[in-house]
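The structure appears right after this line, and notes come after that.
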Amino acid sequence: MTLASETTTTTATATATTVQLRLTDGWFAVCDLSLLMPGRGVAALLPDGHQVALFLDRTGRMYAIDNRDPFSGAAVLSRGLTGTHQGHPFVASPLLKQRFDLESGQCLDDETVRVATYEVRAR
């Protein structure tokens with residue numbers, strides 16, 4: 001699977017019903033858009049066995065990052081707290097509290113660490 005180097009965010013539309021991620025072989029339907037709520041993450045299993053964490057912000061923008069916390073190894077980022085830092089949306093790991101930029105995957109607390117991001121859309 002090829003991962004996007006930066007998350008492409010999409011604003012969910014009123015007519016869209018399915019959240020999709022771009023994978024190597026095309027778009028993959030992950031879940032129904034109604035499962036995403038602002039401020040709460042959703043974990044989903046990909047065909048290759050990896051997990052993705054999906055987020056929807058209050059403006060309707062969606063984000064998708066790897067669900068695995070690189071500091072603890074646990075698949076928990078979907079359970080983290082969301083917020084913004086200098087205008088950038090982030091999720092804080094529920095275990096050790098490191099923050100990850102939802103657009104780039106960059107750890108805001110350790111510049112040497114990054115999580116994978118995915119291009120996401122609603123159709």
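The values are calculated or read from the model by the stated rules, or taken from the named source; none is laboratory data. Keep in mind the model is a prediction, meaning the values are calculated, not measured. Cβ atoms come from the backbone with ideal geometry, glycine included; neighbour counts cover every protein chain shown. Heavy atoms of the whole protein, side chains included, go into the accessibility calculation; ligands, DNA and RNA do not. Shrake-Rupley method; radii C 1.70, N 1.55, O 1.52, S 1.80 Å.
Quick notes on this one:
- Top of Thr17, Thr112, Thr82 by mean-square fluctuation, Gaussian network on the chain, Cα under 10 Å: Thr112
- Percent carbon-and-sulfur accessible area, the chain, ignoring ligands, DNA and RNA, probe 1.4 Å: 50
- Accessible surface, the chain, averaged per residue in Å² (probe 1.4 Å): 53
- The charge dipole of the chain, taken about its Cα centre with unit charges on the Cβ of Lys, Arg, Asp and Glu (plus for the first two, minus for the last two), comes to roughly 360 debye.
- Efficiency of FRET from Cβ geometry, Thr84 and His50, R₀ 22 Å, rounded to 0.05: 0.25
- Nearest-10 value in Å² for the accessible area of Ser104, using the 1.4 Å probe: 30
- FRET efficiency, 1/(1 + (r/R0)^6) with R0 22 Å, evaluated for Val113 and Thr59 via beta carbons: 0.20
- Annotation: amide H-H contacts under 5 Å for Val30 (H modelled 1.01 Å from N, sequence separation of 5 or more, or interchain): Val19, Gln20, Leu21.
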